[in-house]
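Written out below as structure tokens is the structure these notes cover.
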Amino acid sequence: MKDVSIEVHGCHEYDRTGAISEPIYLSATYRHPALGESTGYDYGRVANPTRDKLEATLSALERGERCWALSSGMAAINLVFHLLPAGSRILLSEDLYGGTVRLGEIYEMYGIEAVYIDTADAKAVEKAMTPDTKMLFIETPSNPMMRVTDIRKMADIAHKNGALLVCDNTFLSPHIQKPLTFGADIVLHSATKYLGGHNDLIAGALIVREKESAYAKRLELLIKSEGPNLTPLDSWLLLRSLKTLSLRVERQEENARRIADWLRTQAAITKVYYVGLPEHPGHELQKSQATGFGAMLSFKVKEHALVAKILSRIRLIAYAESLGGVESLLTFPLAQTHADMPKELLDRTGLDDCLMRLSVGIEDADDLIRDLDQAING
Ligand SMILES: Cc1ncc(COP(=O)(O)O)c(C=O)c1O
């Protein structure tokens, strides 16, 4: 079945009522037929029928064998960090969501060393691997500088060195990129973003390539023991959102291309970072591992004073954190998503006080450009 059909129908099976919309099972616990017998559902933390449908749908979209729907993207990242043995090392893309860097600092207390590297440079990654490096963690395109990492090469390097490859696929969604098919072991999402798509829920997801692997069994145990699962109501909301995933991301990408083209003609903008632009250094690589370019873009204004001007003047576009929703959001990463990023990493990645990040929504592209025009040039 094609992805669009999976997104619309999920793994829905009709119950005796023939309900088209997936029923929401709120029950926290389940009646056992007899001693030693189970309907397959015992207790809501361990399994819930509505969440199960969502997990099966996300597994199918990412081409994984098992998914866990979780309370947030950070819950998903925290769980993969839990796979690291004490005293081990994790290598991460140096340009990535600031919350992941903050989590890395927390794990230092438990003897885990987090090392940041430009994963778009495969040779540098190969050189940085050591016997105690147990995980390679990438975001591609990266946040907020939009660097593209070669997933196939990262999988080779990780596996040659006995490490797991984890890919945060939040920026593209499985509709555009499926890292497990290029050798990643685990894919994760802030489902708050494109999967949810309406800026109205916080959710996360973890999907594994092999459900019988040691890491998948460990994750199963961790999730059962720690209880970070998504609620039935939020699971249903996410199932509903997935029905329009293709329409949303395709329209968002169309708008992003128009906006990137317009931004690069503006005198007040010194650089546009959008993977869909042919001059982007990762453009060709992106075409080889994804079916599109997504709708996230960053740009640099010619002087810092313009940042405050633009943020106070935009009307249709909202000045807000987060991304991936139908509403376009503009943010200033240095003070928001990446506020806790160490200075050394900011300097290395070029994330400075002139950088702005735009998550393009599904509004009319001309209206979005008009809004940016009056904010930048007015
Ligand atoms: C790329 C990426 N990964 C993970 C997260 C964390 O997700 P959540 O906010 O759902 O916990 C975010 C949040 O902005 C993100 O942008």
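Between amide H atoms placed 1.01 Å from N, distances below 5 Å from Tyr116 occur with Leu92, all of them 5 or more places distant or on a separate chain. In segment 110-160, what GluC sites (Glu not before Pro) fall in a loop by DSSP, with at most 13 other Cβ atoms inside 10 Å? Counting only loop positions with at most 13 other Cβ atoms within 10 Å, none of the GluC sites (Glu not before Pro) in segment 110-160 qualifies. Once the convex hull of all Cα atoms in segment 182-283 is built, its volume per residue stands at 158 Å³. Of the accessible area of segment 246-377, computed with a 1.4 Å probe over protein heavy atoms only, carbon and sulfur atoms account for 51 percent.
Can you tell me what percent of all Cα-Cα pairs in segment 246-377 are more than 21 Å apart? For segment 246-377, the share of Cα pairs beyond 21 Å comes to 38 percent. Its residue count N fixes a reference of 2.2 N^0.38 Å for the chain, and the Cα radius of gyration divided by that reference is 1.00.
Relative to the longest principal axis of the Cα atoms of the chain, the long axis of helix 232-242 lies at roughly 50 degrees.
Counting lysine pairs in segment 246-377 that sit 8 or more residues apart in sequence, or on different chains, and whose Cα atoms lie under 22 Å apart gives 8.
Based on protein heavy atoms only, the chain ends up with 42 Å² per residue of surface accessible to a 1.4 Å probe. What the Kirkwood sum gives for segment 116-228 is a hydrodynamic radius of 14.9 Å, with every pair of different alpha carbons counted. As a test, work out the antiparallel percent of DSSP beta bridges whose residues both lie in segment 3-242, rounded to the nearest 5. Around 40 percent of the beta bridges assigned by DSSP in segment 3-242 are antiparallel ones. Listed by chain and number, the lysines placed with their C-alpha closer than 25 angstrom to that of Lys53 are Lys2, Lys178, Lys193, Lys211, Lys217, Lys224, Lys243; residues fewer than eight positions away on the same chain are left out. To the nearest ten degrees, helix 151-160 and the longest principal axis of the Cα atoms of the chain are 60 degrees apart. Derived scalar couplings between HN and Hα for segment 257-274 equal 4, 4, 5, 4, 4, 6, 4, 6, 9, 8, 4, 7, 10, 8, 7, 10, 10, 9 Hz in order, rounded to whole Hz, by the Karplus curve 6.51 cos²θ - 1.76 cosθ + 1.60 (θ = phi - 60°), x for Gly and Pro. For segment 1-32, chymotrypsin sites (Phe, Trp or Tyr not before Pro) are listed when DSSP marks them as loop and at most 11 other Cβ atoms sit within 10 Å of their Cβ; the list is Tyr14. Expressed as a whole percent, the proportion of Cα-Cα pairs in segment 248-309 lying more than 15 Å apart is 53%. On the principal axes of its alpha carbon atoms, segment 100-157 extends 31, 28, 14 Å, with the longest extent given first.
The values are calculated or read from the model by the stated rules, or taken from the named source; none is laboratory data. Keep in mind that what you see is a predicted model, and the values were worked out from it rather than measured. Because the Cβ atoms are built from the backbone with ideal geometry, glycine has one as well, and the counts that use them run over all protein chains shown. For accessibility, only protein heavy atoms count, side chains too; no ligands or nucleic acids. Shrake-Rupley method; radii C 1.70, N 1.55, O 1.52, S 1.80 Å.
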